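Colleague: Just dropping this structure here.
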Amino acid sequence: MSQYESSVKNIPYPQERVYSKLEDLNNLESIKDRVPQDKVKELTYDRDRVTVDVPPVGKITLKVVEREAPKCIKFETEGSPMPANFWIQIIPDGEQASKMRVVAKAEINFMLRAMIEKPLKEGLEKIADALALIAY
């Protein structure tokens with residue numbers, strides 16, 4: 001499995017507050033308007049799953065498989081031809097701030113790696129940027 005990481009994002013909110021907002025995926029409603037419509041055709045979610053339809057990749061569903069309050073939320077792909085894990089790490093940065101990073105591990109065969117690696121890294125960075133902008 002190959003591992004990809006976003007850069008660390010500074011968030012001006014306490015770790016517990018950030019975690020409590022992100023651990024329930026219904027809270028994605030607050031960032032739905034920031035999702036680029038030209039990049040994502042559809043975004044659906046409930047408490048434990050989020051599905052995005054990204055042309056030309058298709059539908060990708062991430063399911064929460066572990067919540068480790070207040071520091072980590074782990075996901076894995078569901079029904080995907082490419083097994084992958086995804087997690088959001090949140091660490092305290094003093095009493096009133098935190099830092100966050102988005103990490104993904106994916107089984108990508110050698111032939112596809114050259115095509116997928118760059119968009120995957122860019123996608124992780126965009127997800128991290130969007131999460132860092134939320135008013136927690």
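The values are calculated or read from the model by the stated rules, or taken from the named source; none is laboratory data. Values in this document were obtained by computation on a predicted structure and should not be read as measured data. Every residue, glycine as well, gets a Cβ built from its backbone with ideal geometry; the counts of neighbours run over all protein chains shown.
Colleague: Residue by residue through segment 59-69, note down the ones that are of a type in the set (D, E, K, R) and either loosely packed, with under 11 Cβ neighbours inside 10 Å or over 13 Å from S80 (Cα atoms) (or both).
Modeller: Those that are of a type in the set (D, E, K, R) and either loosely packed, with under 11 Cβ neighbours inside 10 Å or over 13 Å from S80 (Cα atoms) (or both): E66, R67, E68.
Colleague: Is it the case that segment 51-72 has a residue that's in contact with a Phe, Trp or Tyr (Cβ under 7 Å, 6 or more places away or on another chain) and either touching a residue at least 60 places away in the same chain (Cβ under 8 Å) or of a type in the set (F, W, Y) (or both)?
Modeller: No: zero hits.
Colleague: Is it the case, given these coordinates, that G123 is without any contact (Cβ under 8 Å) to a residue 24 or more places away in the chain and part of a loop (DSSP other than H, G, I, E, B)?
Modeller: no
Colleague: Run K41 past the list (1) more than 19 Å from R101 (Cβ to Cβ); (2) at pLDDT 95 or above; (3) among the basic types (K, R) and report the number of the one that doesn't hold.
Modeller: Checking K41 against (1) more than 19 Å from R101 (Cβ to Cβ); (2) at pLDDT 95 or above; (3) among the basic types (K, R), the one that fails is (2).
Colleague: Follow-up. How many residues, within segment 1-58, are of a type in the set (K, R), more than 16 Å from T77 (Cβ to Cβ), in contact with a Leu (Cβ under 9 Å, 6 or more places away or on another chain) and exposed (fewer than 15 other Cβ atoms within 10 Å of the Cβ)?
Modeller: From segment 1-58, those of a type in the set (K, R) are 9, 17, 21, 32, 34, 39, 41, 47, 49; that's our starting set.
When the remaining residues are screened for being more than 16 Å from T77 (Cβ to Cβ), the result is 9, 17, 21, 32, 34, 39, 41, 47.
Retained after the next criterion (residues that are in contact with a Leu (Cβ under 9 Å, 6 or more places away or on another chain)): 9, 32, 34, 47.
Right, trim to exposed (fewer than 15 other Cβ atoms within 10 Å of the Cβ) and you get 32, 34, 47.
The total comes to 3.
Colleague: May I pose another question? Could you go through segment 5-27 and let me know if any residue there is more than 14 Å from the chain's Cα centre (by Cα), under 18 Å from P92 (Cβ atoms) and hydrophobic (A, V, I, L, M, F, W, C).
Modeller: The answer is yes, given that some residue of segment 5-27 is more than 14 Å from the chain's Cα centre (by Cα), under 18 Å from P92 (Cβ atoms) and hydrophobic (A, V, I, L, M, F, W, C).
Colleague: Let me ask something else. Of (1) over 22 Å from K9 (Cβ atoms); (2) in contact (Cβ under 8 Å) with a residue 40 or more places away in the chain, M82 satisfies all except one. Which?
Modeller: (2) is the only condition that M82 fails.
Colleague: So in segment 103-120, with the set limited to residues that are of a type in the set (A, V, I, L, M, F, W, C) and outside any helix (DSSP H, G or I), which one is farthest from Y4 (Cα to Cα)?
Modeller: By that ranking, first place goes to I108.
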